[in-house]
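**Q** My questions all concern the structure below.
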């Protein structure tokens, strides 16, 4: 059975914290720090319009000497980020992240925003999948008691 991003990795209980384009960078950074997340989706009128990440904070705010108290998310977010549907596989997500060199990926179903997934979430899922595959291989080759 093919493992999918939803519900395979992202559960219904994982609520995402959306930002608005009008919020300040400071309020976004405080929220991200409080929730211990590295990126947040930027939503306007129920539609995903961007993503704001730690990298955006570093390269577009701090490195450029912008004031986080007055800079709006709209001015420094990544517009129209790559997305994946909920039935995509973890490996598909990893390939897109590797190619684009980013660590967070929104999951959307049409216009409905589902969640945001991080490379850490994907690493854990792929690692678990590989461990199960190896265990099944060992059982097939050596029997059920091998390695116990």
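What follows draws every value from the coordinates through simple rules; no lab data is involved. The shown structure was predicted, so the numbers you read here are calculated from the model rather than taken from an experiment. No Cβ is skipped: glycine too gets one built from the backbone with ideal geometry, and neighbour counts run over all protein chains shown.
**Q** Between helix 25-35 and the chain, what is the angle of the helix's C-alpha long axis to the longest principal axis, kept within 0 to 90° and rounded to the nearest 10?
**A** That helix lies at roughly 30 degrees to the long axis.
**Q** Need the C-alpha centroid separation for region 17-46 versus region 68-125, integer Å.
**A** Each part reduced to its Cα centre gives a spacing of 14 Å.
**Q** Using Stokes-Einstein with the Kirkwood hydrodynamic radius over Cα pairs, what translational diffusion coefficient do you get for region 17-81 at 25 °C and a viscosity of 0.890 mPa s, in µm²/s rounded to a whole number?
**A** Rounded, D is 216 µm²/s.
**Q** Expressed as a rounded percentage, what relative contact order does region 34-133 have, with Cα pairs under 8 Å and six or more residues apart?
**A** Answer for region 34-133 is 23 percent.
**Q** Full extension from residue 135 to residue 58: what is 0.36 nm times the residue separation minus their Cα-Cα distance, to one decimal in nm?
**A** 23.5 nm
**Q** With r as the distance between the Cβ atoms of residue 47 and residue 96 and R0 = 22 Å, compute the FRET efficiency 1/(1 + (r/R0)^6) and round to 0.05.
**A** About 0.60, to the nearest 0.05.
**Q** How many nm is it between the label spots at residue 37 and residue 119, if each spot is 7 Å from the Cα in line with the beta carbon?
**A** 1.9
**Q** Relative to the longest principal Cα axis of the chain, at what angle does helix 90-100 sit, 0 to 90 degrees, rounded to 10?
**A** 40
**Q** Moving to a separate point now. In which sequence would 123, 102, 52 go, from the one with the fewest C-beta neighbours within 10 Å to the one with the most?
**A** Starting with the residue having the fewest Cβ neighbours, the order is 123, 102, 52.
**Q** Grab the DSSP H runs of the chain that are 4 residues or longer, score each as -39,500 (n - 2.57), total them, divide by all residues and round the 222 nm result to the nearest 500 deg cm²/dmol.
**A** -10000 deg cm²/dmol
**Q** Another question, if that's okay. Debye calculation, C-alpha points only, no solvent: report log10 I(q)/I(0) for the chain at q = 0.10 Å⁻¹, in the same order as the q values.
**A** Debye intensities relative to I(0), on a log10 scale: -0.42.
**Q** Calculate how many DSSP beta bridges within the chain are antiparallel, expressed in % of all such bridges and rounded to the nearest 5.
**A** 90
**Q** Two decimals is fine: what's Rg over Rh for region 82-141, C-alpha atoms, Kirkwood radius as Rh?
**A** The Rg/Rh ratio comes out at 1.10.
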